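Bear in mind that the values in this text are calculations on the coordinates, not laboratory data. Nothing here was measured: the structure is a model prediction, and the numbers come from that model. For neighbour counting, all protein chains shown are included, and Cβ atoms are generated from backbone atoms with ideal geometry for every residue, glycine included.
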Ligand code: 13P
Ligand code: SF4
């Protein structure tokens, strides 16, 4: 790394530290954020851990370096706090593919179901759900629902199918998917497995079944990181957004972590929404106190119930 780049990074870091101290702000970041954002975050985690942190912090301001549904969840849990997001356009294909009106009609045509929504959805969809889950607790929570209840699971069909296979419960699935996790190439994965026969394959459950079939371990971003720390293997093929590989390499420089190319043949599996946030935008949002998450109180209160239920039910 050149000296001017290092110098610039240090300057930006100092600026952010000063702003956070002056404003009593906490920076939360998801593992799919740019490396330099991960480096300045006060806390990095998966969706569940980030929700817990947002609910428990005594900071006045939360700068949520992640996507919109994550920042929205922080606001639902901590309405008295100002929740900033560096780029308000940082959305998610799963949330986009589940519009609130269509979801409402779907629930009407499938009455008497217990509605579980993956946290990757809008507040308006959460408000229509009985329980929220994340990739880290989805199986655990579905297993806790009485066997006589019919379940709707939205919006990720791939996560839903994986939960069905782990829990043995059949569910009515919404047809959404993640554009990042759906684009890994199975052919490239097989080639990597042949080249690195001792490597363990780690996968996020948003991947399609044909990819999950190759996995030695499936879990949320944090669980993938923990597995790679605890497993004695020195080579890992990682089927999720490569932002997590930054933490893996940082923590375990002696181990090898490999990205899987996507179906177009390139290793460009970065989430286009997550990567809209930049370190400059973190500084701008702290200076301008904008963009901030704003939500109707009625929706917030309705969305809070299934999130609180998740936090109470999951270990
Ligand atoms: P995690 O909860 O595993 O961090 O996943 C969030 C996400 O958006 C994965 O694409
Ligand atoms: Fe949404 Fe997929 Fe990006 Fe995660 S990786 S935020 S599920 S689009």
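For the pair residue 290 and residue 144, a Förster radius of 45 Å applied to the C-beta separation gives a FRET efficiency near 0.65, rounded to the nearest 0.05.
Tell me whether the stretch 22-133 comes out rounded, prolate or oblate; compute the Cα gyration tensor, take square roots of the eigenvalues as a ≥ b ≥ c, and use a/c under 1.5 as the rounded threshold. Here the stretch 22-133 falls in the prolate category.
Between the stretch 37-53 and the stretch 69-103, the alpha-carbon centres lie 16 Å apart.
Can you figure out the FRET efficiency of residue 312 with residue 210, using R₀ = 30 Å and their beta-carbon distance, to the nearest 0.05? My answer for the efficiency is 0.25. With contacts taken as Cα pairs under 8 Å at a separation of at least 6 residues, the chain carries a relative contact order of 22 percent. Its DSSP H runs of at least 4 residues, each contributing -39,500 (n - 2.57), put the calculated 222 nm mean residue ellipticity of the chain at -13000 deg cm²/dmol, to the nearest 500. If you build a Gaussian network model of the chain, linking Cα atoms that sit under 10 Å apart, which residue out of 226, 73, 240 swings the most? Between 226, 73, 240, it is 226 that shows the largest mean-square fluctuation. Taking the number of Cβ atoms within 10 Å of each Cβ as an exposure proxy, the fewest-first ranking of 65, 98 is 98, 65.
With contacts taken as Cα pairs under 8 Å at a separation of at least 6 residues, the stretch 25-103 carries a relative contact order of 27 percent. A straight chain from residue 89 to residue 262 at 0.36 nm per residue would run longer than the Cα-Cα distance by 59.9 nm.
Averaging Cα coordinates gives a centre for the stretch 146-178 and one for the stretch 189-268; these two points are 24 Å apart.
Counting beta carbons within 10 Å around each of 18, 275 and listing the fewest first gives the order 18, 275. FRET efficiency for the residue 165 to residue 56 pair, using the beta carbon distance and R₀ = 30 Å, is estimated at 0.35. Label positions at residue 195 and residue 182, each projected 7 Å from the Cα along the C-beta direction, are separated by 2.7 nm.
Taking the Cβ of each residue in 257, 236, 217 as the centre, tally the other Cβ atoms inside 10 Å and list the residues starting with the fewest.
In order of increasing Cβ crowding within 10 Å: 217, 257, 236.
Annotation for residue 298 and residue 22: the two label points, set 7 Å from Cα along the Cα-Cβ direction, are 4.0 nm apart.
Within the stretch 65-87, whose backbone N sits under 12 Å from a point 7 Å along Cα→Cβ of residue 42? Counting only backbone N, you get 82.
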